[in-house]
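The values are calculated or read from the model by the stated rules, or taken from the named source; none is laboratory data. Keep in mind the model is a prediction, meaning the values are calculated, not measured. Virtual Cβ from ideal backbone geometry, glycine too; neighbours counted across all protein chains shown. For accessibility, only protein heavy atoms count, side chains too; no ligands or nucleic acids. Shrake-Rupley method; radii C 1.70, N 1.55, O 1.52, S 1.80 Å.
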Amino acid sequence: MPYVYVDDIAVADIAFRAWGDTLEDVFRAAAEATIHTMVENHDAIAPLHERRFELHDVDLDLLLLQFLQEFVYYKDAEQLFLRVQELTISRDASGLTLQGRAAGERIDPAKHELEADVKAVTLHQLQVAPTAEGWEATVVLDV
């Protein structure tokens, strides 16, 4: 996945930059980086339980925050590690809409190599911006 962890943005938290050709690509890469922060072997997450969500916002940065926070919520509320299966982002007169489907499984320490416990996605330096190659996002996770 196209993302890299960045040491010089936040000292006590975990920061990363994600990129992609499209908005959907960068959101998917940011979700993968968030999950990889929580579980080392994220490829071992089997798609056993599905969750769908629809998110709305007028601000692209805040839409990304809401989207990533879904993964933290399901980890905490239902003990599920999820990975993106489908994702679309559209814009109309009322703002942005993200529709997504994620699938995963219950956290199993015997199977999943647990890493940091992400508590929240922060607003600190949160940014989604166009680049010459597509899109890039900067995210800081509270751990």
*If you check residue 68 against the conditions, is it within 22 Å of residue 6 (Cα to Cα), at pLDDT 95 or above and not in a strand (DSSP E or B)?*
yes
*Kindly list the number of the only condition in (1) within 24 Å of residue 15 (Cα to Cα); (2) among the charged types (D, E, K, R); (3) in contact (Cβ under 8 Å) with a residue 40 or more places away in the chain that fails for residue 76.*
(3)
*Index of the failed condition, residue 110 passing every other in (1) in a loop (DSSP other than H, G, I, E, B); (2) open to solvent by less than 60 Å² (accessible area, probe 1.4 Å); (3) aliphatic (A, V, I, L, M)*: (2)
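Only residues that are among the aliphatic types (A, V, I, L, M) and surrounded by fewer than 16 Cβ atoms within 10 Å (Cβ to Cβ): list them for region 90-107, please.
Filtering region 90-107 for residues among the aliphatic types (A, V, I, L, M) gives 93, 96, 98, 102-103, 107.
Residue satisfying the conditions is 93 alone.
Quick check on this structure: which one of 88, 122 is β-branched (Val, Ile, Thr) and under 26 Å from residue 8 (Cβ atoms)? Show your work before the answer.
Working: 88 fails: under 26 Å from residue 8 (Cβ atoms).
Every option except 122 fails the conditions.
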_Conditions first: (1) surrounded by 17 or more Cβ atoms within 10 Å (Cβ to Cβ); (2) without any contact (Cβ under 8 Å) to a residue 60 or more places away in the chain; (3) out of contact with any Phe, Trp or Tyr (no Cβ under 8 Å at 6 or more places or on another chain). Residue 68 passes all but one, so which condition is the exception?_
(2)
_Residue, nearest to the chain's Cα centre (by Cα), within region 14-54, restricted to residues that are open to solvent by 60 Å² or more (accessible area, probe 1.4 Å) and basic (Lys, Arg)_ = 28
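So which residues in region 55-64 are under 13 Å from the mean Cα position of the chain (by Cα) and either within 15 Å of residue 87 (Cα to Cα) or among the hydrophobic types (A, V, I, L, M, F, W, C) (or both), if there are any at all? Break it down into steps so the answer makes sense when it comes.
At the first step, the residues of region 55-64 found to be under 13 Å from the mean Cα position of the chain (by Cα) are 61-64.
62, 63, 64, listed by residue number.
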_Looking at the structure I just gave you, is residue 60 open to solvent by less than 20 Å² (accessible area, probe 1.4 Å) and in contact (Cβ under 8 Å) with a residue 12 or more places away in the chain?_
no
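Go through region 79-97 and count every residue that is over 20 Å from residue 117 (Cβ atoms) and either in contact (Cβ under 8 Å) with a residue 24 or more places away in the chain or assigned to a strand (DSSP E or B) (or both). Full working, then the answer.
Going residue by residue through region 79-97, those that are over 20 Å from residue 117 (Cβ atoms) are 84-97.
If we keep only those that are either in contact (Cβ under 8 Å) with a residue 24 or more places away in the chain or assigned to a strand (DSSP E or B) (or both) too, we end up with 84-92, 94-97.
Counting residues in region 79-97 that are over 20 Å from residue 117 (Cβ atoms) and either in contact (Cβ under 8 Å) with a residue 24 or more places away in the chain or assigned to a strand (DSSP E or B) (or both) gives 13.
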*Mind listing whichever residues of region 1-44 are of a type in the set (Gly, Ala, Ser), modelled with pLDDT of 95 or more and part of a strand (DSSP E or B)?*
18, 20
